[in-house]
1. Can you work out the Karplus-derived ³J(HN,Hα) for every residue in the stretch 359-370? Use 6.51 cos²θ - 1.76 cosθ + 1.60 with θ = phi - 60°, whole Hz, and x for glycine or proline.
2. Can you grab the distance from the C-alpha centre of the stretch 118-155 to the C-alpha centre of the stretch 580-639, Å, no decimals?
3. For a quick check of your reading of the filter: which trypsin sites (Lys or Arg not before Pro) in the stretch 447-532 sit in a DSSP loop and have no more than 11 other Cβ atoms within 10 Å?
4. Rounded to the nearest 500, what is the chain's calculated 222 nm mean residue ellipticity when only DSSP H runs of at least 4 contribute -39500 (n - 2.57) each, over all residues?
5. Take LEU610, project a point 7 Å from its Cα along the Cβ direction, then tell me which residues of the stretch 476-502 have their backbone nitrogen under 15 Å from it.
6. When DSSP assigns beta bridges and you keep just the ones with both residues in the chain, what percent turn out antiparallel, to the nearest 5?
7. On average, how much accessible surface per residue is there in the chain, in Å², for a 1.4 Å probe, leaving out ligands, DNA and RNA?
8. If the chain between ALA285 and ALA518 were fully stretched, how many nm would it gain, using 0.36 nm times the residue separation less the Cα-Cα distance?
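The values are calculated or read from the model by the stated rules, or taken from the named source; none is laboratory data. Since the model is a prediction, treat every value here as computed from it, not as a measurement. Positions of Cβ are backbone-derived with ideal geometry, glycine not excepted, and every protein chain shown enters the neighbour counts. Keep in mind that these areas ignore ligands, DNA and RNA; they rest on the heavy atoms of the full protein, side chains included. Shrake-Rupley method; radii C 1.70, N 1.55, O 1.52, S 1.80 Å.
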Amino acid sequence: MLRWSIATVTMGGTLEVKLAAAARAGFRAVEIFENDLTFFSGKPRDVRARALDLGLDIVALQPMRDFEGMPEPLRQRNFDRAQRKLDLMEELGADLLCICSNVHEESLGDPERSARDLADLADLAAQRGFRIGFEALAWGRHVRDWMQAWDVVRLGDRPNLGLVLDSYHICVRDNPIAPIADLPADKIALVQLADAPAILMDPMSLSRHHRCFPGQGDYPIDAFLQAAVKAGYRGPLSLEIFNDQFRGAPANVIARDGMRALQACGERLDAALVAEGAAPTLISAPLPKPPAVSGIEFIEFAASGAESPRLVALLEGLGFARVARHRSKDVDLYRQNGVNIVVNREQDGFAHSFYLVHGTSVCALALRFDDPARALERANALGAPTYHGRVGPGEAVIPAVAGVENSLIYFMPERTRGGGAPSNWDRDFVFTDAPEHPGPLSAVDHLSNVVRRTEFLSWITFYKAVLGFVDEPQVELADPYGAFYSRVIGSPDRSVRIPVNIGDGGSTAVSRFLETFAGGGVQQIAFATNDLFAFVEQAAAKGVRFLNVSDNYYDDLSARFDLAPELIERMRRLGVLYDRAKGGEFFHIYTRMFDERFFFEIVERRSYDLFGAANTPVRLAAQAGELDEAARTRGSVGG
Ligand code: MG
C-alpha cells in the first residue's frame, strides 16, 4: 500500500524521540538508520515494540555500504557483515535491507560479479523472508545512475531483489525520470524522496548537508513521484533527508514539516493523475483546495508605555491618521488610503504577551482570503491549528493560525467590492474620523520576515502548503559582518510578497535583529507611493528620520547609470536609493530603525518588479553603522 514514511536520519534527537515525533506527525512507517541504534539504550527488539506501540511499521534498515563486487577476502567479510544485518532485521521486524552502491577503491566494478553478490545475498535473505534493495549513490565508484543499478538488479534476477529509487541521487545527476514509469512494479523495492537546492557543489557534500523536503528545493520531485506511481509501485514513499539544520531543530517540528510537505506533494500527485484520467492514490486525505490570498487587510502592532507615542508619531509622519477606536479595547486603527495599521496597547491578552517578549513589534498580520473558512480547514489539516483568543461581547471572531514566532495570521474575507470596509471594522471599531484617509502611501508593497536559520525552510513550507504561496529564487548577498540570504514568497497574484531572510554570522543585521527581538519576526514593512520625493520631503518635515546613505553610494550611482546630476543630487540630499532593471526604475528609501528593531521602506516602482537587492548591502552597512552607534551610546550612558 502506498504510504508516507520517514527515515530516522531526517530528525534530530534520540531514537525514542524520533519515533514519537514521526507517529505524532501522522507517519505510519519509518526507515531505521543503523547509527540511531548505536545510541539507543535498549535492545533492537525494544525498538520494534516501541514502533509497534506507536503504530509505526519499520519498512527498512539502512545502510549497508561497500558490499557488492569486492575481491576476496573482503567479499567473505562482507557476507559475514550482512548476516549480522539480517539478524538485526529479524529483531527489528524490518523486511528490507538497503544496499547503496559501492564506493570502495578495491571494488571491481564488474556488473556480472556485482549481480552475483547481490543474488547470493538475496538468497540468504529469502531464507528469512527478507528483501534486498540496491540503490545507486550519485558518487558510487562504478554504479552512479539508477539505470546502472537496474542493470545489476536485472542480472541478479531474484524475486526478492529490487531497486531503491532515491530522488536525490537521480536528480543530482540529471538522470532521466520518465523511463522510471516503465520499470516493473515488483522490481522497485523502495522509493525515497528528497529535494535539494540547485547549487553547484559536489553531490556528496550537497547530499549530506543540503537535502530538504519536497518543495523546499529545486528538484522535479513531482515528476519523479508520478513516474514511480505510474510504474505501479505501491509501497512506502520515504523521506530521507540529511540536513544539519533539520537535526538541530526539534524532531516534532521537522516531522510535522515533512508530513506537511508530503501532503502537498500528494495533493499535486493526485491532481496530476486525475487530470490524466487516472485514479487518485489518496495517499493523503484530500485537502481543501489552496486558498487565493488577495492582499493584506491589516498589520497589527503590539505597543505599550513610552514607546507607543513614538510609534504613533512615526506612523503619522508616514501619513497615517487615526480614524477609529476599538469599542472595548485600547486599540486604534490608523489608516491611509487602503492601508490599515492597528496599534494594540491592551495590558493583557495576546498582543501584550507578544509585547512583553518582543517589545514594540508586529504581532499579527491579517490576510484576505477567497474563502477564510475553507482556508482555515486546510491549515488545520496541514497541522496548523486554529488559534483561539479571548473575544469581548459582540466582537467579531477572526480565525487565526500561528505565524513566525507565534505571531498571528488572521484569516479575513476579501474586501467587498465598492462596499467600503469589511463589516468587522464597523462592528468592533467606532470611527472618530472620516473612514477614508488620503495620504502619500497607497499600499503595502511587501514586508519581510527575519527567521532563525533552522526555521527558514519550515516557514517556506508553511507559506507554500498552508497559504498557497509561491516562491522566487533565493538571493545571497554580503552583510558587513557575514552573509545574508533572502527568498521572496508570496501569493500567486503578487498582492502579498514576503522576503524571508536569514543571516550567517554573529553580528549580521539578521543576527542582531534575532537578538534584540528575541526571535524571528517582521523586520521591515514596505509601502508603495507614486511620488517618493514628495513623500520624503513631507515626512522629513514631520520629523521622520531616514537611513544615512554614504556619499560613495551616489558617486558609484552616477558611474553606473546615466542619471541627470540634479537627480543624483536630490537623491543624495534625501537619502533615496535607486535601481534599474529590465527597462524599469526603482526609487526607495528606508526609515531609521525603531528601537534597533524594525524599519519602514517606501518604494516608488516605475515598471520595476524586483526589490532593489543591489542596494541591500548598502542598507545593511548603513544599518550596521546605526546599530554600532546605538551600542556606543548605550555604552557611554551605562558607563
Ligand atoms: Mg537514499
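1. Those phi angles translate into x, 4, 6, 6, 9, 7, 9, 9, 9, 9, 10, 4 Hz.
2. Here the answer is 56 Å between Cα centres.
3. ARG494
4. Mean residue ellipticity, 222 nm, calculated: -11000 deg cm²/dmol.
5. Zone members listed by number: 476-478, 486-488.
6. 55
7. 40
8. That works out to 80.1 nm of additional length.
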